[in-house]
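For reference, the structure is listed below as structure tokens.
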Amino acid sequence: MSKESVECKGCGQTLDSLIMSLIGGLNGRRPFFEYLKRRAKEIIDAGGTRDDVVHLIKSEHNFWSALLKNELKKYDTMRDEEAGAGRTYAFVHFEFDDLFRYYENPVQNFKIDIHERLSEERQAGFVDGFRKAIEDKRQIPWTFLPVSFPRFIWLIYRSLFVHLLKFMCYIAWGKEPLTREETKALTFWKASLLCGIGLNIFTALFLYQAAVSARLQGMSIIFLLLLQCFLIPISLRAFIQLLRTIIAFRYSRRNLVAPIKTWRHVRRYFDQVREKADPYQVESFHLMLQEMRANNLITGLELKRFSTGDVLRMPLNETARYRVRRWMNKFYYMKIADTAGPVAWNELESLSILVFSLDEKFFYAFDELIDNSRGGTSILEQLRTSYDDEWENLIDGLHSDLYGKQENVLRTGDFQEGFFSGPVISAIERWANMRIQCLYHTLESMKGLKGVYERIARRQFPEATGEHIQTLVREKIQIMFLHDRYPAYGHDDRQKKDIDSYLSRNSDVELYWPKDLLYPSKYGSFANILPDIRGEFLLKLDADHHADVEEVAYIPYLFRIFKRQPLCDAVGFRLYAFNEKYNFVTHMAGLSNNAWWVHDLRVKSLVGGGGVYGKMLIRTRALLEKEFIQPDSVAEDMLAMTRLSVGKSEIQFSELVEIGQGEDISYYGLKRKLGRYPIGAVESIATKLYKEMLVSTAVPLHRKLESIFMLSYYPIQSIIVLAHFSVLLAWALGIDIFSFLPITVFLLSYFAVALVDGLYVWVHMHEREGIIRGTKRYFATLLPMVLFHGGYFYYYLEQLIKGLKGYAKFNISEKKYQLSQDRWDEHYQKNKFAFNLGSVSLGLFIWGLMFQRHSLSDTVKVMPFVFSNLVWGFSMLFFVYRAKKILRRIDFFGEVIFIFLRSCYDILTSPFKIFHKKSKKVILTNRHLPCRFDTNSTRI
């Protein structure tokens, strides 16, 4: 990290680096850091020594870190649903920042003795004083949580109309000077919001006219008005999403993001691309071929053919075909990105690569790969069947090391019967670990970036020795491995042995762990190693990432974006699911995420000012100067974007580089990860930082609109649920609200709004496979995707309600590869909220069908609402793991009956349970009432 050249007398280092080396877990808090610098300079100017400065910094650190540890522990407890402590004020990181932002010397202002050991009562007094002082300065409360669900819906509508009114006023009277990019972004928002408002007005007038013509009365009018209210935010967001999809599609077509879509295009344009490529790019192509052969994606014969430029026959492996097309597409996109031309050594910035881990698996040994003791499919068997052509290539490559029946054992998958030699086992272990999420995989793929620097150095300094080249590279690149749990492992722990063995073979990988952890979190660990980051730029990756050698070869080109735009603090890039082929869950998750990661970030860069989520190349100094790292929130990336917006920073997005990310392999593993997003959205909305961004005049309007649109996804989903239940309730009560609408118009309108969020998947498939094949694949996967992602819909609502109650515990993604089958009751308890809502909606439909008179047309119109509720309530049953292959269908239908009956029982008995719970609470409260004694008698 770059440090100022202010020297500390007798320190032997800059003042910045001295402070950062002593404050541990408080690194990254810029206001506190600036405060310590001021205090230290005062001591130095007064003739103080290094020991005086160190004593001051340590005393300040000890006092504030002790206070924060207690407050953060309280904060985590009150956000934990199981603890149920309730929401009170907590002096957390962003409150700590504001204290030092608003007061030059809080120690002096609040008469604090930093050497004092605080009692609970004394600490509570300080915290209460801090709260009053901070809120008096900024006039924004620290949070409005908890809030009831009805009030939250009211706040959504109030906020919607207030912001639309402000937007209309801005259109009429806003005259602030705008850059070209801001003008383009605002043009989009003006067009989309005005057209969306116009569409809602037209819909309302149409419904009013139709209702008058049909002479609707009483409850029919009330339900129709209610539905129209629900429709306003739903249709407005759907219309904006449609326009965003169109922008992503037009950008792709205009800028030739992916013109090479099929192997026919490869044959036609390969020679042209190879002629345009410089020696460095040609070298990256041959390295890609060698890596694909080493990882068994292509055969030896295919390697020879492609190395000579013979692309007449395409490779059998789909991933290999995609990588060749992706490499060719670079040359079309580079013209648009203005990054063409070879990279010189002096253009290379120093880079730190950080691989972060909490407690993820480092390496799967052979015995773990073949273990099926839980009754399910072993990891290696699943890999063998999912990557069958790559498995065959591996066997062919091991042919000389196999003897007897071993080759047949590998082909049939009966691994328990085969006894393999060390080289064979090592090859199988590497083959498997490079296809699943583990730390070994991430570190191995990141080593390719060091090779990029080495190749550029050799080209620049052809006379240099190998040792000199290594010295040059070590000065410019750093690979950091941050592992939270490493010190806790025992000497004989398998995880520790695997890590130590890997580090002994790779001396360039530096191991770190937090030594001053304020609280267990990603930021808490990261803050500890900020002083150890040597690179001017940082590439921060999680434990489940992957990089192909031809992709990291283009990371140096991204440095040119920073040079062209000095205000740019981060450049995001494309992400894709590298383990999409593993099973059906990873395939479904990968289809949508591959599209969303690319196209949402693409549109953000055009109309919203950039997004922070995903993975990025970060200017290291921004971590401190721009307060890039925002802890204390489940959605830390959203708050980071908010802070950067307030600080007038720029975030760019480039499609020049694509990095892989592993998807969870089980439905419940993915559910655990997805549950963070609704809670994070609610918690972000509730923070003072987000409100500060909305009222700030320094933040452009288009960034505010983009952030509101981004966070609106889950609240709008709750309104969609309310709309569906209102329709089914009207159906059950026999209230007519749709009979006057033409059935064709009604169904087309419903499906247009329902499917608009998934249109970006079609854009992605078109870019990857062409218009015909992409469209065919889109419609082939549409129903499975609706069932798969619809299964999380009620879960999002459940998590949203928890977030409104103030529960916001961060769920760590489970990168587990062992699957086990749950019992019916376990499935029910894990999905009780969804099953109960699905059963209620089904009950309303059956009631209306049996006891009300409805026409065939009305029945057809209500079916989409019924189908949606059934998907949201029960579709997860299609995707949970079922180990028994023969009895799988019987198990499925049996569980459906069990869940419906169990849901009906719980719903019918819920009033009695609530009454019993309240009665029990009253009894317990009365037991704890203070006793009053009658002084004139012995009676109590």
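Laboratory data are not the source of any read-out in this text; all were calculated from the coordinates shown. For clarity, every value in this text was computed on a predicted model and none was experimentally measured. Virtual Cβ from ideal backbone geometry, glycine too; neighbours counted across all protein chains shown.
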Item to check | Cα gyration tensor shape of the chain, rounded if a/c is under 1.5, else prolate or oblate by comparing a/b with b/c | outcome: rounded
Checklist outcome for this item: With x for Gly and Pro, the residue-by-residue ³J(HN,Hα) of the stretch 641-655, computed from phi through the Karplus equation 6.51 cos²θ - 1.76 cosθ + 1.60 at θ = phi - 60° and given in whole Hz, is 5, 5, 5, 5, 5, 5, x, 6, 8, 10, 10, 9, 10, 10, 9
Checklist outcome for this item: Taking R0 as 22 Å and r as the Cβ-Cβ distance between Leu155 and Ser749, the FRET efficiency 1/(1 + (r/R0)^6), rounded to the nearest 0.05, comes to 0.20
Checklist outcome for this item: Extension length gain for Ala124 and Arg889 (0.36 nm per residue less Cα distance), in nm, is 269.5 nm
Checklist entry - Of the GluC sites (Glu not before Pro) in the stretch 413-490, which ones lie in a loop per DSSP and count no more than 13 other C-beta atoms within 10 Å? => result Glu463
Checklist outcome for this item: Checked the stretch 666-720 against the a/c 1.5 cut and the a/b vs b/c comparison, axes a ≥ b ≥ c from its Cα gyration tensor; verdict prolate
Next on the checklist: For Ser857, project a label point 7 Å along Cα to C-beta. Then give me every residue of the stretch 736-752 with its amide nitrogen under 18 Å of that point.
Outcome noted: 736-750
Checklist entry - How high is the relative contact order of the chain, in percent, with contacts defined as C-alpha pairs under 8 Å that are six or more residues apart? => result 16
Item to check | Positive minus negative residues near Phe835 (Lys, Arg vs Asp, Glu; Cβ under 15 Å) | outcome: -1
Next on the checklist: On a full-extension model of 0.36 nm per residue, what is the gain between Arg494 and Ser739, subtracting their alpha-carbon distance, rounded to one decimal in nm?
Outcome noted: 81.5 nm
Checklist entry - So if R0 is 41 Å, what FRET efficiency would Lys776 and Trp345 give, r being the distance between their Cβ atoms, rounded to the nearest 0.05? => result 0.30
Checklist outcome for this item: Amide H neighbours of Leu354 at under 5 Å, excluding residues fewer than 5 places away on the same chain, with H built from the backbone geometry, are Met480, Leu539, Lys540, Leu541
Item to check | Per-residue HN-Hα couplings for the stretch 28-40 [Karplus 6.51, -1.76, 1.60; θ = phi - 60°; Hz; x = Gly/Pro] | outcome: x, 8, 4, x, 5, 4, 5, 4, 5, 4, 5, 5, 5
Checklist outcome for this item: Placing each pseudo-label 7 Å from Cα in the direction of the beta carbon, Phe419 and Leu503 end up separated by a distance in nanometres of 3.7
Checklist entry - Tell me, what ³J(HN,Hα) does each residue in the stretch 456-463 have, in order and in whole Hz, if you take phi through Karplus 6.51 cos²θ - 1.76 cosθ + 1.60 with θ = phi - 60° and put x for Gly and Pro? => result 5, 5, 5, 5, 6, 10, x, 8
Checklist outcome for this item: Quick note, the stretch 358-399: a/c under 1.5 would make it rounded; otherwise a/b > b/c is prolate and the rest oblate (a ≥ b ≥ c, C-alpha gyration tensor); here it is prolate
Item to check | Projected label distance in nm at Lys111 and Ile171, using a 7 Å step from Cα toward the beta-carbon | outcome: 5.7
Checklist entry - Between Glu283 and Leu225, 0.36 nm times their residue separation minus their Cα-Cα distance comes to what? => result 14.4 nm
